[in-house]
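Remarks on the structure that follows.
Read-outs throughout are calculated quantities, based only on the coordinates presented, and are distinct from any laboratory measurement. Given the structure is predicted, the values throughout are model-derived calculations rather than measurements. Here the Cβ positions follow ideal geometry from the backbone for every residue, glycine too, while neighbour counts run over all protein chains shown.
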Amino acid sequence: MLVVEGRAYIDGRIEPRAIGIEDGTIVAIKKQLRGDPAYRYGDALILPGGIDVHVHFREPGMTHKEDFASGTESAAAGGVTTVVDMPNTNPPVSTPDALRQKLRIASRSAHVDFGLYASPTSGRDVESLREATAFKVYLAETTNAPVIPTFELAGGILAAVAGAGTYMSAHCEDPRLFGKGVATSLEEHHRVRSPRAEASAIAELGKHRGSAPLHIAHVTTQEALQAKPEGATCEVTPHHLLLDATAKLGPRGKVNPPLRSPQERTDLFQAVLDGRVEMFASDHAPHTVEEKSVRFEDAPAGMPGVATILPLMIRYVRRQVLPLERFVSMFSGNPAKLLGVNKGAIEVGRDADLVVVDPRKIQPVTAARCRYKCEWTPFDGAEGTFPTATFVRGELVSQEGELVAERVGRMITRKKP
Ligand code: DOR
Ligand code: ZN
């Protein structure tokens, strides 16, 4: 039996515990356990591994930005043990062939567990794409994604997804409400693709929801949260919580939906503290330094982030702004529920996905520590607390950011209800 020992987060409490693992599953949790091997982490915290339901790993088609191996290495470096990859790769995951192709790629290269989104173009496509983990619709134009032109069509997809036993994630911006002209700065970008356009798309989609499982990607304002239909879930990105349109990031800060005003940003943070947001997700959307080093209007939207959710947000736990319990449920427990997987808690019978972290350790955020293939991060130089170790189903995958076991990732499967 393999044992991981430290101050473990179990049932909402931190206690010194030994976690016994066999065949990737937690089989015992005791004060002491004899193990071979035994990893002893003293008074460092052991938390359930992170689950990021929104990453763009760019493979196939754009592997100069990222690929499954590099993206999952960064995930492990940041304590994320499961990712769900977005369908706007090339070709887009809108056909069974494209889905099979991506599954082949991910299965042979992923260092952490993964799920795959498909993007149906109508409700009729859903059945043939049922092997996908979940579904994604884009209600406004964005990188290489088929846009769903009407809310009725999106509603039809949502109804079909309900029958498939999973959820639909929606990128909500209403292009009918976009401002005129081309944005040349972060503040203009925020005005053109405004909070009103975002909230309107959420409200319109909500009208077609019925009782189907709807997940709203990257909400950026309280207005958006208010528009969210009862029972739908949502995610928030660290960049919308920690950066705003006044940031001196130029084209690197360009992202859809945009960074908002300082007031909207702090209100969003407050909503997280109030428990109104179910989960963190990174919307990790890397582009190269070269691609971002052009005029604002020509730059692609998106920024990397899969390795910095825990390092940045755990700082707020340490400062007693964010309760540890909320952090863990947003980083792991709630995304596990959304996906219906046997992860997201340190409990006998669950997958042994663990992250070891010492909140007293502070390290500046750098692209190198994040292992980013794109070689930049919008949080460069910020205070971070990076994990000491990351375990995926009992395998030590990453140690101080260094990859120590390769390609252990598997496609996740939903628990039978
Ligand atoms: O900023 C964004 N970048 N928003 C999206 O919806 C897509 C993403 C990307 O893939 O680059
Ligand atoms: Zn995205």
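Taking H as built 1.01 Å from N, whose amide H comes closer than 5 Å to the amide H of residue 115, not counting residues under 5 places away?
Hits under the 5 Å cutoff: 83, 84, 85, 412.
Compute the distance in nm between two label points, each set 7 Å from the Cα along the Cα-to-Cβ direction, one at residue 319 and one at residue 90.
That separation, rounded to one decimal, is 4.0 nm.
Counting pairs of alpha carbon atoms under 8 Å apart in space and at least six apart in sequence, what relative contact order in percent does the chain give?
Working: 1083 pairs, mean separation 87.7, N = 417.
This gives 21 percent for the chain.
In the structure shown, do any of 65/136; 248/292; 65/361; 102/373; 136/207 have a Cα-Cα gap over 25 Å, and if so which? Spell out each step's value before the answer.
Working: 65/136 21 Å; 248/292 14 Å; 65/361 30 Å; 102/373 19 Å; 136/207 18 Å.
Pairs exceeding the cut-off: 65/361.
At 0.36 nm per residue, and after removing the present C-alpha to C-alpha distance, how many nm does the segment from residue 11 to residue 192 gain when stretched out fully? Provide the component values of the computation, followed by the final result.
Numbers: separation 181, 0.36 × 181 = 65.16 nm, distance 4.47 nm.
Residue separation times 0.36 nm, minus the Cα-Cα distance, leaves 60.7 nm.
Enumerate the lysines that residue 343 could reach by cross-link, defined here as Cα to Cα under 16 Å, with residues fewer than 8 away along the same chain left out.
Qualifying lysines at Cα under 16 Å: 415, 416.
If amide H atoms are built 1.01 Å from N in the plane of the peptide, which residues on other chains or at least 5 residues away come under 5 Å of the amide H of residue 29?
Counting only residues 5 or more places away or on other chains, the set is 20.
Spin-label point model (7 Å from Cα, Cβ direction): what's the residue 43 to residue 103 distance in nm?
4.9
With charges only on Cβ, +1 for K and R and -1 for D and E, what is the dipole size of the chain about its Cα centre, in debye, rounded to 20?
480
Which order do 318, 124 fall in if you start with the one that has the fewest other Cβ atoms within 10 Å? Working shown, then result.
Working: 318 16, 124 11.
So the residues, fewest neighbours to most, are 124, 318.
Quick check on packing: order 65-72, 22-29 by the mean number of other C-beta atoms within 10 Å, highest mean leading.
On the way: 65-72: 25.5, 22-29: 15.2.
Per-residue Cβ counts within 10 Å, averaged per peptide and sorted highest first, yield 65-72, 22-29.
Going highest first, how would you order 195-203, 76-84, 258-266 by mean Cβ packing within 10 Å? Before the final figure, lay out the partial values.
Details: 195-203: 22.2, 76-84: 30.2, 258-266: 19.0.
Peptide ranking by packing, descending: 76-84, 195-203, 258-266.
Residues with beta-carbon under 14 Å from that of residue 160, excluding residue 160: net charge, scoring Lys, Arg +1 and Asp, Glu -1? Numbers along the way, then the final one.
Details: positive: 124, 130, 136, 209; negative: 125, 127, 152.
My count for the surroundings of residue 160 gives +1.
Multiply the residue separation of residue 414 and residue 22 by 0.36 nm, subtract the distance between their alpha-carbon atoms, and state the gained length in nm to one decimal.
Values: separation 392, 0.36 × 392 = 141.12 nm, distance 2.09 nm.
Here the segment from residue 414 to residue 22 would lengthen by 139.0 nm.
Which of 172, 374 comes first, and how do the rest follow, when ranked by fewest Cβ neighbours within 10 Å?
Numbers: 172 31, 374 25.
In increasing order of surrounding Cβ atoms, one gets 374, 172.
Using a cut-off of 15 Å between beta-carbons, work out the net charge of the residues near residue 361 (Lys and Arg +1, Asp and Glu -1, residue 361 not included).
Overall, the nearby charge balance is +2.
For region 223-233, just list the computed ³J(HN,Hα) in residue order, Karplus coefficients 6.51, -1.76 and 1.60, θ = phi - 60°, integers in Hz, with x standing in for Gly and Pro.
4, 5, 5, 5, 6, 5, x, 3, x, 6, 9
Which peptide among 399-407, 223-231 comes first, and what is the full order, when sorted by highest mean count of other Cβ atoms within 10 Å? Could you put the intermediate results ahead of the total?
On the way: 399-407: 15.1, 223-231: 17.3.
Highest-to-lowest ranking by the protection proxy: 223-231, 399-407.
List, in order, the whole-Hz ³J(HN,Hα) value for each residue of region 321-326 obtained from phi through the Karplus relation with A = 6.51, B = -1.76, C = 1.60 and θ = phi - 60°; use x for Gly and Pro.
Result, rounded to whole Hz: 8, 10, x, 3, 4, 5.
Most exposed first by the Cβ proxy, i.e. fewest other Cβ within 10 Å, how do 292, 30, 337 rank? List each step's numbers first, then the result.
On the way: 292 22, 30 12, 337 17.
Final ranking by Cβ density, sparse to dense: 30, 337, 292.
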